[in-house]
Each structure stands twice: as C-alpha cells, then as structure tokens.
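Heads up: the structure comes next, in structure tokens.
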Amino acid sequence: MKHIRQSLRLLSAALLLVFVAASAQAAQTISIAEARALPQGTVVTVDGSVTTPSGAFYSSFFDNGFGLQDRSGGIYVSLQTNLNVAPRRQARVTGTLQDNGFGLLLLIPSSPSDVKLHGAGRRVAPRFVTTGGVNESTEGLLVQVVGTVTQPVEDDTPYGYKLFVDDGSGEITIFINFETGIDVSGFAVGQTVSVTGFSGQFDTHYEIDPRFPADIVVQAP
C-alpha cells in the first residue's frame, strides 16, 4: 500500500509538471509578426507598445480597443472594456486571432484580465510610406503619409469623416473617428497634409485612422 501511495504521489507530481509546462507553452510570448501569420482562431500571447489610445476608434470599430506594436509588426487589440491606456504603455496580451468581418485582423482577449499592463514601452515612430503603399503589409502599424487633399471631406455619420489624400502613388482614405476630437472644418481640396495614424482596412480598401488632432498637420504652401 505504501508503494502504491508513493507511486501515486510521483504520478501526480509528473502530471503537475506536464500541466505547468503546457500552460507555460500556451502563454509563451511570440512576436506580433509571428502571430499575424497564424490561422484565425489561434490563441496567442504578444507583448508590445500601445500605439493608439483605447477607445479612440469607437465610432467605427464599436469597441474600446487599442493598437499594439513591437519591432516586428502591429495589431489591433479588440476590447469592450476601456482600460484607459495611452501610447507608449507596455502591454502583454493573450487573445484569439480573428477577422473583424471587414478584413482587419484583430486580437481578442477573452477578458480584460488577459491584458497585462507593465510599465512604459518604447516610443513607436510611424513608418513613412506612400499613400499607395498603405496595404496589407502595413496593416496594424503606425504609419505616416504626406499628400494632397483630393476631395471635400465626406460626412460618414454616425461613424466619422473621410478625408482623401494622394501623393501621386494612389489615393488613400483617412478615416477620422469622432472620439479623436479632430476638427475637419479646416481641410480643403488642394492642401498638402501630413497624416499619422493606425494602418487599417475596411472591406475592399485600406485606410489610415489618425488618433488625435496632432496627427493631421496642414503644411504651408
């Protein structure tokens, strides 16, 4: 009987080690680029620097999520709870990869507790790209373009406003969510503007979502 109890204790210890190892493997942090290459439905853990204020895109994204970026890539973390995070906050997120139904890849935590905020992250500088170069390869990243306003601002209430910019390489939609507080009344056709924002996608087109007023600067003639 004594030997049976000892064997059971050894078996329990072995099973515990297997469970701990499996849990550690499931929670192993991978790069965002690696995560983006995995099939939808995969649960991953990534760690990066926040690039957009949580809830800044609520009027068109319908959530209080935020952009997250590491040195390899970027992704949008979709949450209904507003964690009040701002750019440069470091976050470790475990969630499920899923398309939002309009082409944008999301990382969806099962609960707010799957987002671990831990100090200040690195400053993420926007990647300078051409307006025609905003595509699948830039999705999830913080990007910057400089171009000419080609059309009057389009009111897309209740979602936001559309500004159209082209540097000669192809027109890009700048989608301005209401929560950003960006005043669109001063934008006019022919102006040259510098735009920084989250590189996203809606249905068949790619777009840039600026985060706050300072992200759109009208340049002097």
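Coordinate-derived values only; no laboratory data. Predicted model, so just to flag it, every value in this text is computed and none were measured. Neighbour counts run over all protein chains shown; Cβ positions are idealised from the backbone, glycine included.
Filtered by the rule that a residue be under 14 Å from ILE172 (Cα atoms) and not aliphatic (A, V, I, L, M), the stretch 184-202 gives THR192, SER194, THR196, GLY197, PHE198, SER199, GLY200, GLN201, PHE202. In this structure, GLY103 does satisfy being among the small types (Gly, Ala, Ser), surrounded by fewer than 19 Cβ atoms within 10 Å (Cβ to Cβ) and under 27 Å from GLY181 (Cβ atoms).
Looking only at residues in the stretch 27-86 that are within 15 Å of GLY140 (Cα to Cα) and among the hydroxyl-bearing types (Ser, Thr, Tyr), which one is surrounded by the most Cβ atoms within 10 Å (Cβ to Cβ)? Across the stretch 27-86, the extreme among qualifying residues is THR52. Scanning the stretch 92-145 for residues that are within 30 Å of GLU171 (Cα to Cα) and in a strand (DSSP E or B) gives LEU97, GLN98, ASP99, LEU105, LEU106, LEU107, ARG127, PHE128, LEU142, VAL143, GLN144, VAL145. Among residues of the stretch 110-123 that are touching a residue at least 24 places away in the same chain (Cβ under 8 Å), those with a beta-carbon under 6 Å from a residue that is surrounded by 12 or more Cβ atoms within 10 Å (Cβ to Cβ) and of a type in the set (A, V, I, L, M, F, W, C) at least six positions away or on a different chain give the pairs VAL115/ALA91; VAL115/VAL93; LEU117/ALA91. Taking the stretch 153-204 as the range and being within 18 Å of the chain's Cα centre (by Cα) and surrounded by fewer than 14 Cβ atoms within 10 Å (Cβ to Cβ) as the test, only ASP203 passes.
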